[in-house]
Structure formats: structure tokens, C-alpha cells
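Before any comments, here is the structure.
The values are calculated or read from the model by the stated rules, or taken from the named source; none is laboratory data. Every value quoted in this text rests on a predicted model; they were computed, and no experiment measured them. Please note: Cβ atoms are built from the backbone with ideal geometry, for glycine as well, and neighbour counts cover all protein chains shown.
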Amino acid sequence: MGMRIRIFDTPHDAGIHVASLAERVILQNQRPVLGLATGSTPIQFYHALINLHKSGLDLADVVTINLDEYASLSPHDAQSYHFYMNKYFFEHVNVAPENIHIPNGIASDLAKECLRYDAIVQRNPIDFQVVGIGMNGHIGFNEPNDLLLSRTHVVALKNETIESNARFFDDISRVPQYAITMGVQSILQAKQIVLMAFGMDKSCIVQETVLGGVRTDVPASVLQLHHDVTVVLDKESASGLMDKRGNLSTQQTS
Ligand code: F6R
């Protein structure tokens, strides 16, 4: 099956859809494992999942595994992905603290931390993986490159990622230059993947991801190789996928 495309009027509506997909997985598994992302894109998804929790969805048996974390930021740092996850999700739901996994960006030995994290991913096969997409096509922090790494690794962030993420920091000089990220194979091992993207700024990269070939300089395009991917968009981010009549195009570009 090709990538399933779902286009919504607003990120809010899209977030509700992704939360309902997650709910199904949570209800179908005794120990559901959710792979989670940060950034501006999934905020409405977390909001909707929190609402489902408040209306009765129990998350006590859910295990979560986050994609990535900045190297050098402590979990208490307001810009860290630990902090983000607490603020936008964990503080509002009943996921057990021992079931929450996020790479430790301040581990004294980052290489060892990557191995520790890989072992967690292997022990807890991900049922439902949410990913956003960088303007340069990165997923997690797997940046465009000649080769993509399979497993959890330390990555030097590209200038464009540092520039794009500077919006969350007081000053661009404060954006960490390195991060820990799950590798592409770890992402592809998830049983089900949902790629979310919103806004006109993402329309070109969404088009390349969905309609282009599989290329290491568009890391998200590897998702074409997975059998169960849903691409959840708003009208703006989907605009590059439409033909002149406003229908969804299936025409691959080279
Ligand atoms: C975050 C992550 C990144 C973001 C991507 C898009 O955990 O892995 O790949 O998903 O940079 O970020 P936003 O959503 O802020 O545009």
C-alpha cells in the first residue's frame, strides 16, 4: 500500500484525527508503545490525546519513546525536548514515569547513551510512531546526507535546522549544535507511522517526500518503503500534492 494521505482544514482537526488513530492502537494493545515527536507540529495531537484522556482514555499502560533530544540540554532546560514533553503532554495524562523514554542529552558518554536507547527501542517495539518533518526533509534529527544511519546516534545539526529551530530560543547562538536521534531503521521498524506536516512552508518538502524518489537527501522519503504510513496534512502543506483540478496527484516526480 502507498502512503495514505489525509488532508484537513486545520491542524486542530488533523490533531484530532491522529489522536483517534492513537486511541485505536492504545485500546488494541495491552502495553501500547507510542513513538513520539516534539516541535510545533504535534502540539494539537497532544492536545486532542489529552482531551481523550480527560474523557476516559486510560494511558497507564502506555509506553512512550521519543525520537530525539538536544545534546547538552538538561531535562529541566525549557528548550529541551524533555521539558516540552512534560509541558505539552505528560503533565496532563497518566503515563507512568517509568514508561517514559527520552534520550538523555547530558549523558556523560553519549555513545553509550545511544546504545542504551537502542536497547529500549528493541525491547519495546513501537506500535504507533508520530513524526514531524523538517523543512529540509529530516525525520527525528536524521538530516539530509549521503548516508542515513539506522540506529540511535549523535548528529551534528545542519545550519538550516539550527536556523529553523532558533524560533524556540532567545538567540540562535543558544541552539545546540548536536542532538541524539533515533535512526531511520528504528523509525521504520514501527508497526504504523504517522507523518504530520502543516503550513505552506512544508508544501515543497511534503511533495518531494510523497511524490519524489527515495533519497538520502530527503530522509522522510524513506517512509515510502514502509507498508503503513499515514501522511496527515492541512490544505497548505498538501498544496504540492494537488493537480490543476484540485485532486490528489499520484504522479511521481523524478
Ligand atoms: C522533533 C523532531 C523534528 C521535528 C521537525 C519539525 O522531535 O524530531 O524532526 O519534527 O523539525 O519541527 P516543527 O514541527 O517544529 O516544524
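Overview of values
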| read-out | value |
| --- | --- |
| Among residues of segment 70-121, those that are closer than 26 Å to Ile172 by Cβ, out of contact with any strand residue (DSSP E or B) (no Cβ under 7 Å at 6 or more places or on another chain) and β-branched (Val, Ile, Thr), counted | 1 |
| Residue in segment 223-254 that is modelled with the lowest pLDDT, counting only those that are surrounded by 21 or more Cβ atoms within 10 Å (Cβ to Cβ) and outside any loop (DSSP other than H, G, I, E, B) | Leu241 |
| Residue list for segment 165-209, filter: part of a helix (DSSP H, G or I), hydrophobic (A, V, I, L, M, F, W, C) and either in contact with a strand residue (DSSP E or B) (Cβ under 6 Å, 6 or more places away or on another chain) or within 13 Å of the ligand (Cβ to nearest atom) (or both) | Ala166, Phe168, Val184, Ile187, Met200, Ile205, Val206 |
| Test result for Ala220, of a type in the set (Gly, Ala, Ser), within 17 Å of Leu248 (Cα to Cα), within 11 Å of the ligand (Cβ to nearest atom) and surrounded by 18 or more Cβ atoms within 10 Å (Cβ to Cβ) | no |
| Total residues in segment 134-156, condition within 14 Å of the ligand (Cβ to nearest atom), closer than 18 Å to Ile102 by Cα and assigned to a loop (DSSP other than H, G, I, E, B) | 3 |
| Criterion violated by Ser150 - all others in (1) in contact with a Leu (Cβ under 7 Å, 6 or more places away or on another chain); (2) of a type in the set (Ser, Thr, Tyr); (3) within 24 Å of Val63 (Cα to Cα); (4) surrounded by fewer than 23 Cβ atoms within 10 Å (Cβ to Cβ) satisfied | (1) |
| Selection status of Met182, surrounded by fewer than 20 Cβ atoms within 10 Å (Cβ to Cβ) and aliphatic (A, V, I, L, M) | no |
| Set Gly132, Gly183: member being closer than 30 Å to Leu248 by Cα and under 17 Å from the mean Cα position of the chain (by Cα) | Gly132 |
